[in-house]
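A short worksheet on the structure shown next.
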Amino acid sequence: EVRGSDTPVWMTVLIAALYTLLIAFGGFIIGVSVGLLLAIIMQRFAFMERGLLPFVIASQTVPLIALAPLIVGIGNRISFGPIQWNTTYSVMFIAAYLAFFPLSVGALRGLKAATPTQLELMRSYAASPRATLWKLRFPASVPYLVPALKVSAAAAVVGTVVAQISTGDRGGIGRLIIEYAREASAQPAKVYIAVIGAIIVGLIAAGLVALIDLYLTRNLPKERLT
(Lines give C-alpha, C1' and ligand atoms only; values in the text may rest on other atoms or scores of the structure.)
Protein backbone atom coordinates (compact mmCIF):
# COMPACT_ATOMS: atom_id res chain seq x y z
CA GLU A 1 0.00 0.00 0.00
CA VAL A 2 1.02 3.62 -0.53
CA ARG A 3 2.43 5.31 2.53
CA GLY A 4 -0.23 7.37 4.31
CA SER A 5 -2.98 5.86 2.18
CA ASP A 6 -5.15 2.75 2.19
CA THR A 7 -4.96 2.46 -1.60
CA PRO A 8 -3.11 -0.69 -2.70
CA VAL A 9 0.04 -0.17 -4.74
CA TRP A 10 -1.39 -1.98 -7.76
CA MET A 11 -4.40 0.33 -7.78
CA THR A 12 -2.17 3.42 -7.58
CA VAL A 13 -0.07 2.10 -10.46
CA LEU A 14 -3.19 1.27 -12.49
CA ILE A 15 -4.58 4.79 -12.08
CA ALA A 16 -1.20 6.28 -12.99
CA ALA A 17 -0.96 3.99 -16.02
CA LEU A 18 -4.36 5.11 -17.28
CA TYR A 19 -3.37 8.74 -16.83
CA THR A 20 -0.11 8.17 -18.71
CA LEU A 21 -1.98 6.32 -21.46
CA LEU A 22 -4.39 9.23 -21.85
CA ILE A 23 -1.54 11.75 -22.16
CA ALA A 24 0.32 9.46 -24.60
CA PHE A 25 -2.83 9.06 -26.69
CA GLY A 26 -3.24 12.82 -26.94
CA GLY A 27 0.41 13.22 -27.94
CA PHE A 28 0.04 10.37 -30.44
CA ILE A 29 -2.96 12.00 -32.14
CA ILE A 30 -1.21 15.37 -32.34
CA GLY A 31 2.06 13.86 -33.54
CA VAL A 32 0.37 11.70 -36.18
CA SER A 33 -1.67 14.66 -37.46
CA VAL A 34 1.41 16.88 -37.75
CA GLY A 35 3.51 14.10 -39.28
CA LEU A 36 0.86 13.22 -41.86
CA LEU A 37 0.37 16.87 -42.80
CA LEU A 38 4.13 17.31 -43.27
CA ALA A 39 4.31 14.14 -45.37
CA ILE A 40 1.50 15.35 -47.65
CA ILE A 41 3.16 18.75 -48.09
CA MET A 42 6.58 17.23 -48.79
CA GLN A 43 5.14 14.75 -51.28
CA ARG A 44 3.16 17.43 -53.09
CA PHE A 45 5.96 19.97 -53.35
CA ALA A 46 9.49 18.71 -54.02
CA PHE A 47 11.09 21.95 -52.86
CA MET A 48 9.29 21.60 -49.50
CA GLU A 49 10.75 18.11 -49.09
CA ARG A 50 14.25 19.41 -49.78
CA GLY A 51 13.70 22.26 -47.33
CA LEU A 52 11.79 20.53 -44.53
CA LEU A 53 13.13 16.96 -44.39
CA PRO A 54 16.60 17.91 -43.06
CA PHE A 55 14.96 19.90 -40.26
CA VAL A 56 12.56 17.04 -39.50
CA ILE A 57 15.51 14.67 -39.15
CA ALA A 58 17.59 17.17 -37.16
CA SER A 59 14.73 17.72 -34.73
CA GLN A 60 15.17 14.20 -33.38
CA THR A 61 18.82 14.79 -32.44
CA VAL A 62 17.89 17.13 -29.57
CA PRO A 63 18.29 15.27 -26.22
CA LEU A 64 14.87 14.84 -24.64
CA ILE A 65 16.19 15.36 -21.13
CA ALA A 66 17.40 18.82 -22.18
CA LEU A 67 14.29 19.63 -24.20
CA ALA A 68 11.72 18.89 -21.48
CA PRO A 69 12.67 21.69 -19.03
CA LEU A 70 12.89 24.15 -21.93
CA ILE A 71 9.37 23.31 -23.11
CA VAL A 72 8.02 23.55 -19.56
CA GLY A 73 9.69 26.93 -19.09
CA ILE A 74 8.28 28.31 -22.34
CA GLY A 75 4.87 26.72 -21.80
CA ASN A 76 4.43 28.30 -18.37
CA ARG A 77 4.34 31.70 -20.09
CA ILE A 78 1.57 30.66 -22.49
CA SER A 79 -2.13 31.10 -21.86
CA PHE A 80 -5.22 30.90 -24.07
CA GLY A 81 -7.75 33.14 -22.40
CA PRO A 82 -8.76 31.39 -19.16
CA ILE A 83 -6.73 28.29 -20.08
CA GLN A 84 -3.22 28.33 -18.66
CA TRP A 85 -0.54 26.04 -20.08
CA ASN A 86 0.58 23.51 -17.48
CA THR A 87 3.07 20.68 -17.13
CA THR A 88 0.60 18.12 -18.47
CA TYR A 89 0.38 19.98 -21.77
CA SER A 90 4.17 20.08 -21.90
CA VAL A 91 4.31 16.30 -21.45
CA MET A 92 1.76 15.82 -24.23
CA PHE A 93 3.75 18.16 -26.47
CA ILE A 94 6.91 16.11 -25.89
CA ALA A 95 5.04 12.88 -26.68
CA ALA A 96 3.79 14.46 -29.93
CA TYR A 97 7.33 15.66 -30.68
CA LEU A 98 8.62 12.09 -30.61
CA ALA A 99 5.60 10.61 -32.38
CA PHE A 100 5.51 12.87 -35.44
CA PHE A 101 8.91 11.88 -36.87
CA PRO A 102 8.35 8.15 -37.61
CA LEU A 103 4.94 8.93 -39.08
CA SER A 104 6.15 11.76 -41.31
CA VAL A 105 9.02 9.70 -42.75
CA GLY A 106 6.96 6.53 -43.16
CA ALA A 107 3.99 8.35 -44.68
CA LEU A 108 6.25 10.25 -47.09
CA ARG A 109 7.73 7.00 -48.32
CA GLY A 110 4.26 5.47 -48.61
CA LEU A 111 2.79 8.41 -50.52
CA LYS A 112 5.57 7.95 -53.07
CA ALA A 113 4.94 4.20 -53.39
CA ALA A 114 2.52 4.47 -56.31
CA THR A 115 4.04 3.16 -59.53
CA PRO A 116 4.56 5.38 -62.62
CA THR A 117 1.93 3.31 -64.44
CA GLN A 118 -0.66 3.97 -61.74
CA LEU A 119 0.13 7.69 -61.74
CA GLU A 120 -0.12 7.82 -65.53
CA LEU A 121 -3.52 6.11 -65.36
CA MET A 122 -4.77 8.76 -62.91
CA ARG A 123 -3.49 11.51 -65.22
CA SER A 124 -5.29 9.89 -68.16
CA TYR A 125 -8.51 10.23 -66.14
CA ALA A 126 -7.68 13.91 -65.57
CA ALA A 127 -7.67 13.27 -61.82
CA SER A 128 -6.83 16.26 -59.64
CA PRO A 129 -3.91 16.10 -57.19
CA ARG A 130 -6.45 15.77 -54.35
CA ALA A 131 -8.22 12.87 -56.07
CA THR A 132 -4.89 11.18 -56.75
CA LEU A 133 -3.96 11.59 -53.11
CA TRP A 134 -7.14 10.00 -51.78
CA LYS A 135 -7.78 7.41 -54.48
CA LEU A 136 -4.21 6.23 -55.13
CA ARG A 137 -1.49 7.55 -52.85
CA PHE A 138 -3.19 6.92 -49.51
CA PRO A 139 -4.21 3.31 -50.33
CA ALA A 140 -0.71 2.65 -51.66
CA SER A 141 0.84 4.04 -48.47
CA VAL A 142 -0.95 1.66 -46.06
CA PRO A 143 1.89 -0.95 -45.95
CA TYR A 144 4.25 1.87 -44.94
CA LEU A 145 1.78 3.78 -42.78
CA VAL A 146 0.91 0.96 -40.38
CA PRO A 147 4.52 0.23 -39.25
CA ALA A 148 5.05 3.99 -38.89
CA LEU A 149 1.97 4.19 -36.65
CA LYS A 150 3.35 1.40 -34.46
CA VAL A 151 6.66 3.18 -34.02
CA SER A 152 4.88 6.48 -33.34
CA ALA A 153 2.69 4.87 -30.68
CA ALA A 154 5.72 3.41 -28.92
CA ALA A 155 7.54 6.75 -29.19
CA ALA A 156 4.54 8.57 -27.69
CA VAL A 157 4.49 6.24 -24.67
CA VAL A 158 8.25 6.48 -24.15
CA GLY A 159 8.12 10.25 -24.56
CA THR A 160 5.30 10.53 -22.03
CA VAL A 161 7.03 8.44 -19.36
CA VAL A 162 10.42 10.13 -19.84
CA ALA A 163 8.80 13.58 -19.87
CA GLN A 164 6.93 12.81 -16.65
CA ILE A 165 10.22 11.80 -15.06
CA SER A 166 12.02 14.90 -16.38
CA THR A 167 9.29 17.40 -15.53
CA GLY A 168 7.97 15.78 -12.36
CA ASP A 169 4.41 15.78 -13.69
CA ARG A 170 2.26 14.25 -10.97
CA GLY A 171 -0.26 11.49 -11.53
CA GLY A 172 1.61 9.45 -14.13
CA ILE A 173 3.81 6.38 -14.23
CA GLY A 174 6.95 8.47 -14.66
CA ARG A 175 6.37 10.27 -11.38
CA LEU A 176 5.62 6.99 -9.60
CA ILE A 177 8.88 5.48 -10.83
CA ILE A 178 10.77 8.39 -9.26
CA GLU A 179 8.86 8.15 -5.97
CA TYR A 180 9.15 4.38 -5.71
CA ALA A 181 12.85 4.44 -6.65
CA ARG A 182 13.48 6.39 -3.45
CA GLU A 183 12.00 3.50 -1.50
CA ALA A 184 13.79 0.80 -3.51
CA SER A 185 15.96 -0.31 -0.63
CA ALA A 186 13.01 -0.82 1.72
CA GLN A 187 10.32 -1.90 -0.77
CA PRO A 188 11.95 -2.90 -4.09
CA ALA A 189 8.73 -4.51 -5.34
CA LYS A 190 7.16 -1.09 -5.81
CA VAL A 191 9.65 -0.15 -8.50
CA TYR A 192 8.98 -3.36 -10.40
CA ILE A 193 5.23 -2.81 -10.21
CA ALA A 194 5.63 0.72 -11.60
CA VAL A 195 7.82 -0.58 -14.44
CA ILE A 196 5.25 -3.28 -15.20
CA GLY A 197 2.65 -0.50 -15.33
CA ALA A 198 4.72 1.31 -17.96
CA ILE A 199 5.01 -1.93 -19.96
CA ILE A 200 1.24 -2.39 -19.81
CA VAL A 201 0.75 1.12 -21.17
CA GLY A 202 3.02 0.24 -24.10
CA LEU A 203 1.14 -3.00 -24.75
CA ILE A 204 -2.22 -1.21 -24.75
CA ALA A 205 -0.86 1.36 -27.20
CA ALA A 206 0.39 -1.45 -29.45
CA GLY A 207 -3.02 -3.13 -29.25
CA LEU A 208 -4.81 0.05 -30.30
CA VAL A 209 -2.51 0.41 -33.30
CA ALA A 210 -3.18 -3.23 -34.18
CA LEU A 211 -6.90 -2.38 -34.34
CA ILE A 212 -6.08 0.52 -36.66
CA ASP A 213 -4.05 -1.93 -38.74
CA LEU A 214 -7.04 -4.25 -39.07
CA TYR A 215 -9.25 -1.33 -40.11
CA LEU A 216 -6.85 0.05 -42.71
CA THR A 217 -6.07 -3.34 -44.25
CA ARG A 218 -9.61 -4.75 -44.17
CA ASN A 219 -10.05 -4.34 -47.94
CA LEU A 220 -6.57 -5.41 -48.98
CA PRO A 221 -6.19 -8.87 -50.55
CA LYS A 222 -5.05 -11.47 -48.06
CA GLU A 223 -2.08 -13.73 -48.80
CA ARG A 224 -3.06 -17.35 -49.22
CA LEU A 225 -0.97 -20.23 -48.08
CA THR A 226 -0.09 -22.59 -50.87
| message | What does the C-alpha gyration tensor say about the overall shape of the chain? Classify as rounded when a/c is under 1.5, otherwise prolate if a/b is larger than b/c, or oblate. | response | prolate
| message | Take residue 183 and residue 29, extend 7 Å from each Cα along the Cα→Cβ direction, and tell me the distance between the two endpoints in nm. | response | 3.4 nm
| message | Give me a comma-separated list of calculated 3J(HN,Hα) values for the stretch 149-161, in order, Karplus coefficients 6.51, -1.76, 1.60 applied at θ = phi - 60°, integers in Hz, x for any Gly or Pro. | response | 5, 5, 5, 5, 5, 5, 5, 5, 5, 4, x, 5, 5
| Averaged per residue, what accessible area in Å² does the chain show with a 1.4 Å probe, protein chains only? | 59 Å²
| Amide H contacts of residue 170 (H built 1.01 Å from N, under 5 Å, at least 5 apart or other chain) | none
| Separation in nanometres of the label points that stand 7 Å from Cα toward Cβ, at residue 53 and residue 135 | 2.7 nm
| Calculated from backbone phi, Karplus (6.51, -1.76, 1.60) coupling profile of the stretch 19-33 in Hz, x at Gly/Pro | 5, 4, 4, 5, 5, 5, 5, x, x, 5, 4, 5, x, 5, 4
| query | Zone of residue 215 (label point 7 Å along Cα→Cβ, backbone N under 18 Å): which residues in the stretch 31-51? | reply | 31-37
| field | residue 108 accessible area, 1.4 Å probe, all protein chains in place, Å² to nearest 10 | value | 10 Å²
| Separation of the residue 80 and residue 45 label points, Cα + 7 Å toward Cβ, nm | 2.5 nm
| Inter-part distance where the stretch 22-40 and the stretch 93-159 are each reduced to a Cα centre, Å | 13 Å
| query | Tell me, what is the FRET efficiency for residue 15 and residue 206 to the nearest 0.05, using R0 = 25 angstrom and their Cβ-Cβ distance as r? | reply | 0.75
| remark: Residue by residue through the stretch 54-63, the couplings from Karplus 6.51 cos²θ - 1.76 cosθ + 1.60 with θ = phi - 60°, in Hz, x for Gly and Pro, are x, 6, 4, 5, 5, 4, 7, 8, 6, x
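The values are calculated or read from the model by the stated rules, or taken from the named source; none is laboratory data. As the structure is a computational prediction, the values presented were derived from the model and not from experiment. With ideal geometry, Cβ positions are generated from the backbone for all residues, glycine too; neighbour counts draw on all protein chains shown. All accessible areas refer to the heavy atoms of the entire protein, side chains included, with ligands and DNA or RNA removed. Shrake-Rupley method; radii C 1.70, N 1.55, O 1.52, S 1.80 Å.
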